[in-house]
Structures are given as C-alpha cells and as structure tokens.
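Report on one structure; see the data block that follows.
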Amino acid sequence: MEFYLPTKLFYNIEAFSAELDKLGEKFLIITGKSSKYNGSLDELTRILNKTSKKYEIFDETKENPPKELIEKIIEKHGKDWDVVVGLGGGSPMDTAKAAAVLCKNNISVEELYKSQKYDSAANIVCIPTTAGTGSEVTQYSVLTINGIKKGFKHERIFPKLSLLEPKFSLTLPRDLTISTGLDALSHAIESALSLKTNSFSELFAFKAIEIIKETLPKLVNDLKNYELRKNMLLASTYAGIAISITGTTIAHSLGYSLTTDKGIRHGIATAVFLPFEIENADNKNSKKVRYILGDMLNFLKKLDVQISFVVNDQEISKWAENVANSSHVKTTPGNYNYEKIKQAYYWLIEKSGIYRG
Ligand code: ZN
C-alpha cells in the first residue's frame, strides 16, 4: 500500500469532542504529571463530564515506557474500556496504544510484537502536548522490554481520533522543546532517506524538514509563541505521517541504546546520528535534505546540542549488535553492517564535536 491513514485529525476542540462522544462510554486516560499544568487534562475531563462519560485517570506514565508499566495499568484499571486516551508526549500515547490492545485481547505485553496474535484494540485517541513523536498519526508504539527499546507495529493501533492543539505545548521547557523537536526532525529526515520512501511520504517528510528548519531555532528563544508552537506541531504530525509509510531508519536504532543505557533523551540520542546517516546515504534525497536544511551538524550546534556519557568498547560492541539485529538496517541506504554501525558510534564520540565524555 502506498498510503493509508485512518486517523481523524482535529484542530478544533468542540468538533473533536463531538467525535469523541461517538467512540464509547468508558474512557481510560493515560497521561503523565505535566498534563495537570498545561491545561490539557482539565480540557479533556471537561469534555467527558459534559456528556457524563465514565472515566479513570492513570497519571504515572514514564519516559520510555517499560512493559511493567503496561501490566500495572491493566492490573489497576482492568480491561473494560471502550476508549483509551493517550494524553501527553510519546510515552503516554505509546502506552495507551499498548493498553488498548491488551483491553481486548488475552495476551502478554511481549506478544504485542507478534502481530498475528491479535486483530483488535479498544478505540485509541491521542492528544499530543509536545511536538515530536508523531504517535498521533502512526501505527507504532515503542516500549522498553527487558532494557531494550523496541517498537511494535499494527494497523489496529492507529488512533481513531487525534487532537492537534498547540496551546498545550506552550509551557514545554526549552530542553524538551529541543529534544522533541529534534525527534520530529529525525522522523522527517530518516523517512526521506529510507529505501521505502514513496511520493506521498516524501511530500510530508520534506515539508516537515522545511518547517522545522525555519521554526525550531526561533522557538527555542521564544517559547510562548503560539504560531511557532503551531508550526512545530504541524511539522511533527507531517513527520509522523511520513514514518507511518516508511518507518524510521538507522539513526533511531543507533539512538535507542543511548537512551536506555545512558539516559539521553530520545530526540537528542537520535538526532546526533543524523549527520552520519545523511553523509552515508549519498542519494538523491540526501542531497535534497542538505539543500533544504544545510549542514545537519551546524543545525545541531546552533541549538547547542551536546551530549556526555561514559562508555567503553564493550558496550559499543553490544549496542552495535542490537542495531545490526534491528529492522532499520534493511531500510537505510549505505549498506550498514556490524562494522559500519560501530563506526557510527565512534564517529559520534571521536569526530562529531557534539560528544563531551
Ligand atoms: Zn522518534
């Protein structure tokens, strides 16, 4: 298939709530603590109270949701839900997707990765309050299973409905604005370079790169600017649509270990490998990325991106093995094997100028 997006997207809260009303009577809201402060949780409960829906709130989501978290939600709130709402950044949305499948199937969290084991899920609704993951328009959910960050994919976890409301991201601090913005940029660039790219994914990917290039450097010095927030949310949704077609490529796979083992935020951990990926892609689209964005390393430096962690050769070998076993290798141009993957890590540490040991 070239293009499939079954998610209804809304800007307008009242129009969104009319659609939400049709999805069911019982709502499980999955969120973190920040939705209490950015106005999004109040807005959602106001809508649900107006139509006397039954709802419960789980507000203990964590970054890089581990499988134990999903199990805890089901244990605490049960499975009898028509709708599971993911409210927040990528973690609550991805957690909601996993929980929605478990609500309708007697399977374990590990079995979410065996797509033939299930063909149903509770209705999924996403309300992003950051501009980064694009989870509001994808069939992906990334969880952490036994210390390894890995995504699962299923047509049934496309959200039925998503609300794009930029005002919820107005209170996002500078560091999270940068890391989530760079996640969106990674999605767009990795999609553009992917061997699975098509004319639809390219349309969304290149538009997202264009917007992020213009918007993100301004936004980091003007965090309360509604127009800039709106542009970033739009760009991250475009980038999400692009990866719903192509998936992500090697930079995501390389970054996962930096996040799980060294606590580097997902968007940063991924974006620092983009210069290497672009350089090694060396095809028509990598030239176009350069033409639109300029030099990727300069873009990162302009945003003051630096990372520091302590690592040894043994760890790098283990990380490289994980990447070599990931599906991303097959869709990335540049013939990545174990040695070349290791080279990417050593490039970051020894040559990029971003790494401070
Ligand atoms: Zn990502």
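The values are calculated or read from the model by the stated rules, or taken from the named source; none is laboratory data. Predicted, not measured: the structure shown is a model, and the values here were computed from it. Cβ coordinates were reconstructed from backbone atoms using ideal geometry, including for glycine residues, and neighbour counts include every protein chain displayed. To get the accessible areas, we keep the full protein, side chains included, count just its heavy atoms, and leave off ligands, DNA and RNA. Shrake-Rupley method; radii C 1.70, N 1.55, O 1.52, S 1.80 Å.
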| task | Quick one: what are the phi-derived ³J(HN,Hα) couplings along region 33-46, Karplus 6.51/-1.76/1.60 with θ = phi - 60°, whole Hz, x for glycine and proline? | result | 6, 5, 5, 6, 9, 9, x, 6, 5, 4, 4, 5, 5, 4
| said: Of Pro92, Ile29, Gly151, which is farthest towards the positive pole of region 8-168's charge dipole, taken about the Cα centre with +1 and -1 on the beta-carbons of Lys, Arg and Asp, Glu respectively? | reply: Gly151
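Using a 1.4 Å probe on the protein heavy atoms, what percent of the accessible area of region 32-145 belongs to carbon and sulfur?
47 percent
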| note | For region 222-261, inverting the pair-averaged 1/r of distinct alpha-carbon atoms gives a Kirkwood value in Å of 12.1 Å
| Cα-Cα pairs above 17 Å in region 60-126: how many percent? | 34 percent
| request: Just the number, please: Stokes-Einstein D of region 179-356 in µm²/s, Kirkwood Rh from C-alpha pairs, 10 °C, 1.306 mPa s. | output: 99 µm²/s
| query | Rg (Å, one decimal) plus Dmax (Å, integer) for the alpha carbons of region 254-357? | reply | 13.4, 38
| Once phi is turned into θ = phi - 60°, what whole-Hz ³J(HN,Hα) does the Karplus curve with 6.51, -1.76 and 1.60 give for every residue of region 344-350, x standing for Gly and Pro? | 4, 5, 5, 4, 4, 6, 9
| task | Set the Förster distance to 35 Å, then compute FRET efficiency between Ile145 and Glu14 from the Cβ-Cβ distance, nearest 0.05. | result | 0.30
| Reachable lysines from Lys54, criterion Cα separation under 24 angstrom, eight or more residues apart if same chain | Lys8, Lys22, Lys26, Lys33, Lys36, Lys72, Lys76, Lys79, Lys97, Lys104, Lys160
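Among DSSP beta bridges lying fully in the chain, give the percent that are antiparallel, nearest 5.
20 percent
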| message | For the ranges 9-17, 63-71, what's the packing order if you count other beta-carbon atoms within 10 Å of each residue, average per peptide, and put the highest first? | response | 63-71, 9-17
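Going highest first, how would you order 244-257, 331-344 by mean Cβ packing within 10 Å?
Result, highest mean first: 244-257, 331-344.
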| field | Mean shadow area of region 8-168, taken as a quarter of the surface of its Cα convex hull (nm²) | value | 8.1 nm²
| field | Å² of accessible area per residue within the chain, as computed with a 1.4 Å probe and no ligands counted | value | 41 Å²
| request: Excluding residues on the same chain fewer than 8 positions from Lys196, give the lysines whose Cα lies under 19 Å from its Cα. | output: Lys153, Lys207, Lys284, Lys287, Lys288, Lys330
| Using the Cα atoms of region 124-255 to build a convex hull, what is its mean projected area in square nanometres? | 7.9 nm²
| query | How many Å³ per residue does the convex hull of the Cα positions in the chain occupy? | reply | 122 Å³
